[in-house]
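Just so you know, all these numbers are worked out from the coordinates, no wet-lab data involved. Values in this document were obtained by computation on a predicted structure and should not be read as measured data. No Cβ is skipped: glycine too gets one built from the backbone with ideal geometry, and neighbour counts run over all protein chains shown.
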Amino acid sequence: MMAFVSTELGGTAELDSNDSLEALFREHYGSLVRLANVLLGDPARSQEVVQDAFVKLQVKWGGMRHLDRAPAYLRSAVLNGARSSLRRRKVADRHAATAVVRSSSPSAESGALDALDHRRLVAALRRLPERQRAALALRYYLDLPDAEVASAMGISVGSVKTHIHRGLATLGRLVKEEDR
């Protein structure tokens, strides 16, 4: 399958499917891993979720009619993969013999005040309901417009706005509670 992409000179260049898939990987892999990591809090698992999304895309690649929708497909696949991973983690946690207590204090080497603030914000973000956390991560972490957030999450734009509004309110309350 051949794909055509715009060039800087206004013409089109012909790319084979492997080149265009590779270009898509180079352009979006890092931001998708960061998105998954915000949702999962596990860098290794985040990379696996994104890699799985690209494998799924490659399987569908030959039959895709709209290659310009591939980034949206990848975001949806990463969100779904993260949700599945979180569900599996909850089941495993329920059945674990001993609970692992994670320290909420920053590591000694980080030491910087902004790192502490970032950790506090991410910890508060992880306490939000899943849809609010996903909507906030897509909107403010990836800077996606509400329509693309809605598409990635499979919900309406109005629902996105509701999740963002409620998520920001809850986030503000959680951060204020922690400051006391």
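Per-structure values
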read-out: Inter-label distance, nm, simple model (7 Å from Cα along the C-beta direction), Asp143/Ser159; value: 2.8 nm
read-out: Mean Cβ neighbour count within 10 Å, used as a protection proxy, ranking 126-134, 64-72 highest first; value: 126-134, 64-72
read-out: Lysines with Cα under 27 Å of Lys56, excluding same-chain neighbours fewer than 8 positions away; value: Lys90
read-out: In sequence order, calculated HN-Hα J values of the range 135-149 (Karplus, 6.51, -1.76, 1.60; Hz; x Gly/Pro); value: 4, 5, 5, 5, 6, 9, 8, 9, 6, 7, x, 4, 5, 6, 4
read-out: Inter-label distance, nm, simple model (7 Å from Cα along the C-beta direction), Asp117/Asp52; value: 3.5 nm
